[in-house]
């Protein structure tokens, strides 16, 4: 979902009327009112529906065989419509980049070099943005192959720039520093939830008190389920003692567990910026919220949990991904084991 300088998505305008702000979708003669909270699932759903209607209308005039026509067909495919609404809007932002650059050209004429150049241009905004672009474009061209637009996928097997190690696990000293820094309540609660549930930030911010019953969370690892092609199901995550004790002390004045001062749900981008500023201010600028997820997996591995046990908490649907998170922990255990064997051999 491309955003203007105002921070609002494409074709969206906010109108202030008295003390209230109304949000509208305006494009091609359409003037539709949307939910006012632009971070809510309701807004993303309504925006996606309005945008899809615009794309379907505009695609009728698209020259056949062009990349723009292929993008329009991809957005109507079950591979796209089956994604969560927020994921659709994130993908749409990347498809906008592709469409603006090569939309008028025949899809069959797009070469690997064209995609790589676009990726390199987006890398100035961050390596993860560039990698997401490649992932989305690869999916679009894969559907394009099925529909006869292209014979081969020009985005296939393009190497990713960002490395998984960029999200470092939080050492105990860093966790102690954070907790001793008197962070705002919302930041502390989110930190503890991320650390003891391994949920991603978006899932943490979606947690309500209704998700927490009898010391356990019943929720979803949204991204893991999407990657596995799952649309239904829930994850059962018992809360560890430190997290239970924190939650017992919290006032239940909002339906959200991590709530803004006014009780409303946090916008993920806004929360990320506030969390980032706090980490930078206390000298933890090398760490990220997502690193808490890796911290959990490593701690479980070092405690002797099996890959399947770890996946039951982290929500990974493939054990190969669990092994990526636990690689360092496994190496540590093996190194200790072999040195212990060496020490015993020297004592004989």
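Assorted remarks:
- Relative contact order of the chain: 13 percent, from C-alpha pairs under 8 Å at least 6 residues apart in sequence.
- Compactness check for region 62-162: Cα Rg over 2.2 N^0.38 Å is 0.98.
- Cβ crowding within 10 Å averaged over residues, with 152-160, 134-142 ranked highest first: 134-142, 152-160
- Overall, the anisotropy analysis places the chain in the oblate class: the square-rooted eigenvalues a ≥ b ≥ c of its C-alpha gyration tensor yield a/c not less than 1.5, with a/b not exceeding b/c.
- With 0.36 nm allotted per residue and the present C-alpha distance subtracted, the residue 248-residue 14 stretch has 80.4 nm of extension available.
- Cα centroids of region 60-79 and region 108-160: 16 Å apart.
- Rounded to the nearest 10 degrees, the angle from helix 85-102 to the longest Cα principal axis of the chain is 50 degrees.
- Folded to 0 to 90 degrees: helix 291-302 orientation relative to the chain principal axis, Cα: 40 degrees
- Taking 151, 262, 90 as the candidate residues, the one with maximal mean-square fluctuation in a Gaussian network model of the chain, Cα springs under 10 Å, is 262.
- The chain, helix-only ellipticity at 222 nm - DSSP H runs n ≥ 4, -39,500 (n - 2.57), divided by all residues, nearest 500: -17000 deg cm²/dmol
- Compared with the dominant principal axis of the Cα atoms in the chain, helix 67-76 is inclined by about 60°.
Values in this text are rule-based calculations from the coordinates and carry no lab data. Quick caveat: nothing in here was measured; it's all calculated off a predicted structure. Cβ atoms come from the backbone with ideal geometry, glycine included; neighbour counts cover every protein chain shown.
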